[in-house]
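Working notes, structure below.
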Amino acid sequence: MIRDYEKVLEDLKSRTHFRSVKNFEGKEGKYIRIDGQKLLNLSSNNYLNFADNKEITEEFLSEVGNNFSFGSASARLLTGTLPVYGELEQAVSNLFEKDKTLLFNSGYHANVGINSSLTGSGDVIFSDKLNHASIIDGMQLAKSKFFRYKHNDMGSLEKLLKRERGNFNNAVIVTESVFSMDGDIADLKTLVELKKKYDCILVVDEAHAFGVFGQKGLGVAEALELLSDIDLIVGTFGKAIGSMGAFVTGKKVFIDYFTNKARSFIFSTALPPINIAFSKWIIEKKLPHTYEKRRKMLELGKSMGSESHIVPVIVGENDKTVELSQILYQNGYFTLPIRPPTVPVGTSRLRLSLTAEITSEDVECLRNILKI
Ligand SMILES: Cc1ncc(COP(=O)(O)O)c(C=O)c1O
């Protein structure tokens, strides 16, 4: 049957699912400018205010940035690797106390590359039902079978492991640590127990926790003292670090394997050297001094009923969610309605993401409106 593109778009519009790119006029710390208005930005992953930050950018450029160019012009395995790439990989390995690290161009590239290559025919992946689209896309590209367990439900996972583990060769369990749309935290302790009991490889995506949780800011695994028990840790530089790119860190054999098998790593031009240098500069020079502001941000999240700095306000229907975000807009808050397919049908929501500059006074009026 011929696909009628106009009809698909009309259908999306009729269900309030239609998306379009918004143009903003500017960003200043915790604020965002749109339609001549300055609003508190509650839809940003710029958790530590390192992105879009004039002072930080100027400091970086004058200290080191001027030595780096804006294009790598080649994939890493061809001529796209200058010393700074290896230095960033080594810095991450040192922080996480792992053998080796591999950079990817984004968290999306990392999850697609890892989850598509780690298993093959005769293998299996067990994935949390609410894992990010990039993990799902990776699993769909893999030649292995995958099962999705109920969100953060260790009973549901163990039931599947009991029933299915024996039917496959290699097995992987994959989870986010802080769930991007719900702000809750994976039960990493039980996941480690289960991965040991059922002989699985455990992959943890710390996209929203790297730069936020733990004494050093490495994520939930650090905070729970589980770093050495997790086989592969994924982190992104595009969120709290305020840069771009991602990494996977773990045993040498896995990292060498991804270097040879992860197609999203192999077949894409490396990120610009200046970007790699910025990520390295932030994690070495700035991240070590962020503990107090991260602690305050997490406390504010807790006071709003969340386990993290991501506060979901689940409304249910699409149009009501859009309506609520408009009410908040009129009161000076920028929040985006999150709708299917990003979240399951019937759970449309506002996803409030706090950043370290936001104070309890900033969100007082919002809390009154939302009654949280
Ligand atoms: C859990 C999770 N993993 C990976 C990604 C993708 O990371 P990136 O934006 O660096 O591609 C996201 C992005 O929102 C995410 O929420």
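The values are calculated or read from the model by the stated rules, or taken from the named source; none is laboratory data. Keep in mind it's a predicted model, so treat the numbers as computed, not measured. Ideal geometry is used to build each Cβ from the backbone, glycine not excepted, and the neighbour counts take in all protein chains shown.
Descriptive notes on the structure:
- Any hit, the stretch 177-185, residues being touching a Leu at 6+ places or on another chain (Cβ under 6 Å) and buried (at least 22 other Cβ atoms within 10 Å of the Cβ): yes
- Residue count, the stretch 186-198 (criterion: basic (K, R) and buried (at least 19 other Cβ atoms within 10 Å of the Cβ)): 1
- Test: residue in the stretch 42-60 that is over 30 Å from Y333 (Cα atoms) and touching a helix residue (DSSP H, G or I) at 6+ places or on another chain (Cβ under 7 Å): yes
- K216 meets each of the listed conditions (1) over 27 Å from V343 (Cβ atoms); (2) without any contact (Cβ under 8 Å) to a residue 60 or more places away in the chain; (3) part of a loop (DSSP other than H, G, I, E, B) apart from (2).
- Matching residues, the stretch 91-133, being part of a strand (DSSP E or B), over 22 Å from I266 (Cβ atoms) and charged (D, E, K, R): D128
- Looking at the stretch 248-336, the helices (runs of 4 or more DSSP H) lying wholly inside it that each contain 1 or more residues that are β-branched (V, I, T) sit at 252-261, 263-266, 273-281, 318-330.
- Residues located in the stretch 282-308, provided they are farther than 26 Å from E87 by Cβ and in contact (Cβ under 8 Å) with a residue 24 or more places away in the chain: K293, K296, M297, L298, L300, G301, S303, M304, G305, S306, E307, S308
- From K145, K129, K100, residue being in contact (Cβ under 8 Å) with a residue 12 or more places away in the chain, more than 17 Å from T236 (Cα to Cα) and more than 16 Å from the ligand (Cβ to nearest atom): K145
- Verdict on E206 being buried (at least 24 other Cβ atoms within 10 Å of the Cβ) and of a type in the set (D, E, K, R): yes
- Residue among L324, L352, L336 that is in the same structural domain as S308 (by TED's automatic domain parsing) and over 25 Å from the mean Cα position of the chain (by Cα): L324
- Test result for N49, touching a residue at least 12 places away in the same chain (Cβ under 8 Å) and not in a loop (DSSP other than H, G, I, E, B): no
- Criterion: among the hydroxyl-bearing types (S, T, Y), more than 21 Å from E176 (Cβ to Cβ) and surrounded by fewer than 22 Cβ atoms within 10 Å (Cβ to Cβ) - qualifying residue of T342, T359: T359
- Residue list for the stretch 184-213, restricted to those being under 19 Å from the mean Cα position of the chain (by Cα) and touching a residue at least 60 places away in the same chain (Cβ under 8 Å): D184, I185, V203, D205, A207, H208, A209, G211, V212, F213
- Check on N152, within 16 Å of the ligand (Cβ to nearest atom) and under 30 Å from G301 (Cβ atoms): yes
- Yes/no for P340 being of a type outside the set (D, E, K, R) and assigned to a loop (DSSP other than H, G, I, E, B): yes
- Look at the stretch 231-242: where a residue is more than 20 Å from K286 (Cα to Cα) and a partner is of a type in the set (D, E) and more than 7 Å from the ligand (Cβ to nearest atom), sitting 6+ places away or on another chain with Cβ atoms under 8 Å, you get I233/E206; V234/E206.
Conditions (1) surrounded by 22 or more Cβ atoms within 10 Å (Cβ to Cβ); (2) within 18 Å of G211 (Cα to Cα); (3) of a type in the set (D, E, K, R), marked per residue:
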site: F258; (1), (2), (3): yes, no, no
site: A262; (1), (2), (3): yes, no, no
site: F267; (1), (2), (3): no, no, no
site: S279; (1), (2), (3): yes, yes, no
site: K286; (1), (2), (3): no, yes, yes
site: E292; (1), (2), (3): no, yes, yes
site: M304; (1), (2), (3): no, no, no
site: T321; (1), (2), (3): yes, no, no
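- Residues located in the stretch 158-213, provided they are of a type in the set (D, E, K, R), farther than 30 Å from L350 by Cα, outside any loop (DSSP other than H, G, I, E, B) and out of contact with any helix residue (DSSP H, G or I) (no Cβ under 7 Å at 6 or more places or on another chain): K159, K162, R163, E164, R165, E193, K195, K196, K197
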